Structures are given as C-alpha cells and as structure tokens.
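Enquirer: Quick one: this structure, given as structure tokens, is what I'll be asking you about.
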Amino acid sequence: MFSELATKHAEACRFCWMCRHLCPIGLVTGKEANTPRGKGLLVSMYERGFDMDSNMAEIMYECLLCYSCVDDCKTGFEPPIFIREGRTEAVINDLVPPYVQRVIDAIAKTGNMFGRPHGEKWRGLGEEIKDLPENAEVLLYVGNTAAFETPHIARAVMSLLKKAGISFTVLKDEPGTGIELGDLIGFVEEVRAMAKVCADAINRTGAETVVVLDSYDAVCLKHEYPRWGCELEAEVVTATSFLAQLVKAGKLEFNKSGTTVTYHDGARLARNLYEHESARELLAAVGAKLEEMFLNRNLAKDCGNELVSRYHPELMHATAKARWVEAQQTGASVLITACPQSYSVLSRVKPESMELKDIFELLNEHVAL
C-alpha cells in the first residue's frame, strides 16, 4: 500500500497535464506512462484494487527523479514521492525488473552501483590520497561515480584544494551515502542503515566542513540525513560552492581561458539544492565566455544519471543526446558540467564537433601559480 501522502500526490497528478512537456524520459520515449500523470494514474489504479504487474513496475523505474515536474508544479505536488514508493511496492511484490535487481544486488554486495570491490575505490586516486592527513578541518566526500568512473574529476578537485592551501582529507574507507539504493527501492530502513554508517564515519573524522563532489550525495547528506535522524556534526557544502568561496577569498586565481562554453545545470544541483550561480561565478573567474542553453538553471533538462545508466543505458543515451542537441544550438564549442554523473553520461554520446569538460578540470588547467 502507498502512504497517505503518496496517494494524495498521485490522485492530484493523475488529472494534470501541466508538466508532461518537461519530463525528459517522456519526451524521448513518447509514452504517456512515462509522464508524471501516467505514473499517477497507475498508482491510483493500484490503490483501487488493481494488481501491480511487471509492466507497472518497469514504468516506475523509467524515471530520472530529476524533479523537473516538481519544480514546475504551481500547486506543490511531487511525483517523486509516489514514484519512489512505487519502486518500494515493486520490491515488496517481487516485481523488480531483473536488470534493476542486478544493480540492487551489486549495491548490497559491494556498496556501489558499479558492483566493483570496495577495495578498488581509490585505485585511480592512490597517489593523490596517500599523503593526506588522517584528520583535517575539511573532509572531501568523493562519491562512487567520481572514484570509480571519473577519477580525473576528483583529481582536479584535490589539486585545486592543495593549490588553495586547504588542508583536507578523505575517508580511506568511504561508505556510500545510501542515495543509490534509496533511488532504487525507496527511502526504507535498509537505506537509513547505510546512511547511519556513512554519517558515523564522517562524524568520527571531526571535520568541520564536508565538501561533496557528487550532487546526488550532496542532496542526500543535506536534505535526507536530517529527516532520517543521521545528524552530521559538520557543515555540508557542494564542491562548486566551496571553490567559489575560495575564489572570492582570493585563495585561487586563474589565467583567463577566453573559451566560449555552455553549461549544463545538473538536475539535483539545480532543482534540489537550487545552486545555480556558483558554477557560473567560477566560469567567470576563469574568463570563459558563457553561452546559456535555452533551458538553464532550475528549468534545465536533465541529461540522465549514472544510476539509471546502470540498468537502462538506452534511455540514458537518448536523454544525453537530447541535451547535446541543446548544447550545440548555443554555438559554443565546449560543454561544461559540474557533477560527475552528468559528465559520465554525457561523455558516452559526445558529438565529435564539441568538447566535454568538467568545471574542476577547466579550473585546474588555468590556475595561476
């Protein structure tokens, strides 16, 4: 059974078409079931006695949880509430699609969606972390995507922190925040247990500030942990906002690049955290000329994420290609990202005519030494 809150939101959304033009999955598939309204209808049917079947379960996983629908809703309804609970119901009814179940099993076994042994997490960053202190006022939380898939991004952030004179450390046995599992099975007790392990590990460091590289982890640490009773003793900030503060404080200066770029606002950075200006301030600091995409800031269309790419790569290729089209329309030659998951997904379908670069890479290349 869905919660009273989820049912209330589903009942409202099933009558409404107002956000269907914003759903990136609905736009690339053309399926009404992939819109928030369509999913609301399915939840309403289930609550009225229809059995959940494998098709309904699959549809619940055809969603990026990108919050485009939430941001545009003038009446305050949130489809992700009933979509996450729909995934919980799929687990309860043993209807999780096999391709999704493989990712859930990988997280249960290894702690990450890639299914890679936890001991390999720092393989690509061994040189960067070997001389870090055990404890420091600043803790850099790297996250699974940057550690396993895009270590060059984490490497650039660490380089920038060192050049700014910041004493920082990482968790040598960094646990996941729980957001990967939470997005797959809902915010249930197993997810809170993972969060408790992570919160305790962070608190044991005694750090005063946690700088979070992956926006998905940042949203979880900032928004969900307090709701779950996993209180953090440190202030949680995104890597983009922390670097922007360092620039304002005069701890980092850059040689001007003069490159014309466009910038992709990652979904959770833009709509869950409402952080739009930090990355733009950093681009201005490095002298990049910014050509905005038509849909930007909280209106930005999501390109997809690494989690959904693990079980539905075709959908992610489609959403990423759609975002590349919008980037090309700006006339810029470089697309800049500020989240490892956005970079990872976009890199797989990059058109030959454009360059993809993470913002921390760009900054690190132009630091004035």
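The values are calculated or read from the model by the stated rules, or taken from the named source; none is laboratory data. These numbers come from a predicted model, not from an experiment. Ideal geometry is used to build each Cβ from the backbone, glycine not excepted, and the neighbour counts take in all protein chains shown. Note: accessible area is taken over every heavy atom of the protein model, side chains too, but ligands, DNA and RNA are not part of it. Shrake-Rupley method; radii C 1.70, N 1.55, O 1.52, S 1.80 Å.
Enquirer: Report the FRET efficiency, 1/(1 + (r/R0)^6), for ARG204 and GLU253, where r is their Cβ-Cβ distance and R0 is 35 Å, rounded to 0.05. Could you put the intermediate results ahead of the total?
Expert: Working: r = 35 Å, r/R0 = 1.00.
The computed FRET efficiency comes out at 0.50.
Enquirer: Would you tell me the accessible area of ARG48, worked out with a 1.4 angstrom probe on the heavy atoms of the protein chains, in Å² to the nearest 10?
Expert: Estimated to the nearest 10 Å², ARG48 gives 140 Å².
Enquirer: Compute the separation of the alpha-carbon centres of the stretch 106-146 and the stretch 10-51 and state it in Å as a whole number.
Expert: Computed from Cα coordinates, the inter-centre distance equals 38 Å.
Enquirer: Taking only protein heavy atoms into account and a 1.4 Å probe, give the accessible area per residue of the chain in Å². Before the final figure, lay out the partial values.
Expert: Details: 15030 Å² over 369 residues.
The answer is 41 Å² per residue.
Enquirer: Which entries of LYS248/LYS289; LYS8/LYS74; LYS121/LYS162; LYS109/LYS222 have Cα-Cα distances beyond 24 Å here? Present the calculation step by step, with values, prior to reporting the outcome.
Expert: On the way: LYS248/LYS289 19 Å; LYS8/LYS74 16 Å; LYS121/LYS162 21 Å; LYS109/LYS222 26 Å.
Cα-Cα > 24 Å for LYS109/LYS222; rest within.
Enquirer: Tell me, what HN-Hα J-couplings in whole Hz come from the Karplus equation 6.51 cos²θ - 1.76 cosθ + 1.60 at θ = phi - 60° for each residue of the stretch 123-130, using x for Gly and Pro?
Expert: 4, x, 10, x, 5, 6, 9, 5
Enquirer: Let me ask you something else. At 1.4 Å probe size, put VAL286, VAL197, VAL247 in order of accessible surface, largest to smallest.
Expert: Correct descending sequence by accessible area is VAL197, VAL247, VAL286.
Enquirer: Suppose we keep just the alpha-carbon trace of the stretch 1-145; what are its Rg and Dmax in angstrom?
Expert: 19.3, 60
Enquirer: Quick check on the stretch 195-273: what does the Kirkwood estimate of hydrodynamic radius come out to from the alpha carbon pairs, in Å? If you can, show how the numbers build up before the last one.
Expert: On the way: mean 1/r = 0.0697 Å⁻¹.
One over the average 1/r among Cα pairs gives 14.4 Å for the stretch 195-273.
Enquirer: Same structure again: Please report, in whole Å³, the volume per residue of the convex hull around the C-alpha atoms of the stretch 128-259. Walk me through the numbers before you get to the answer.
Expert: Working: hull volume 16.0 nm³, N = 132.
That works out to 121 Å³ per residue.
Enquirer: Could you please put PHE294, PHE148, PHE82 in sequence from largest to smallest accessible area, using a 1.4 Å probe? Could the numbers behind the result be given before it?
Expert: Numbers: PHE294 185, PHE148 25, PHE82 0 Å².
Final ranking, largest accessible area leading: PHE294, PHE148, PHE82.
Enquirer: Ignoring ligands and nucleic acids, what accessible area does ILE104 show with a 1.4 Å probe (Å², nearest 10)?
Expert: Probe radius 1.4 Å; accessible area of ILE104 about 20 Å².
Enquirer: A further question on this structure: Can you give me the Cα centroid spacing of the stretch 181-236 and the stretch 312-363 in angstrom?
Expert: Between the Cα centre of the stretch 181-236 and that of the stretch 312-363, the gap is 28 Å.
Enquirer: For ARG37, what accessible area in Å² do you get when you roll a 1.4 Å probe over the heavy atoms of the protein chains, rounding to the nearest 10?
Expert: Rounded to the nearest 10, the figure is 40 Å².
Enquirer: Can you classify the stretch 122-194 as rounded, prolate or oblate using the Cα gyration tensor, where a ≥ b ≥ c are the square roots of its eigenvalues, rounded means a/c under 1.5, and otherwise it's prolate if a/b beats b/c and oblate if not?
Expert: Working: a/c = 2.59, a/b = 1.93, b/c = 1.34.
Taking the square roots of the gyration eigenvalues as a ≥ b ≥ c, the stretch 122-194 is prolate.
Enquirer: Taking all protein chains together and a probe of 1.4 Å, list MET194, MET45 from the most accessible to the least accessible.
Expert: Numbers: MET194 50, MET45 80 Å².
Greatest to least solvent exposure: MET45, MET194.
Enquirer: Kindly work out what percent of the DSSP beta bridges joining two residues of the chain are antiparallel, to the nearest 5.
Expert: On the way: 1 of 20 bridges.
Percent antiparallel among DSSP bridges in the chain is about 5.
Enquirer: Continuing with this model, one more query. Among (1) 66, 47, 34; (2) 61, 49, 42; (3) 57, 55, 42, which one is Cα extents along the principal axes in Å computed from these coordinates?
Expert: Read-out from the structure maps to (1).
Enquirer: Helix 98-110 versus the longest principal axis of the chain: what angle, 0 to 90°, nearest 10, using Cα atoms?
Expert: 50
Enquirer: Taking the Cα atoms only, what angle lies between the long axis of helix 36-47 and the longest principal axis of the chain, rounded to 10 degrees?
Expert: Around 50 degrees separate the two axes.
Enquirer: For the chain, list the cysteines whose Cβ sits under 4.7 Å from no other cysteine Cβ?
Expert: CYS13, CYS16, CYS23, CYS63, CYS66, CYS73, CYS198, CYS220, CYS230, CYS303, CYS339
Enquirer: Then there is this: Using only DSSP helix segments of four residues or longer, with each worth -39500 (n - 2.57), what per-residue ellipticity at 222 nm results for the chain after dividing by its residue count and rounding to 500?
Expert: On the way: 20 runs with 177 residues, N = 369.
That comes out to -13500 deg cm²/dmol.
Enquirer: Measure off, as a whole percent, the carbon and sulfur share of the 1.4 Å-probe accessible area of the chain, all protein chains present. All intermediate terms of the calculation are to be shown ahead of the outcome.
Expert: Details: 7660 of 15030 Å².
Carbon and sulfur atoms account for 51 percent of the accessible area of the chain.
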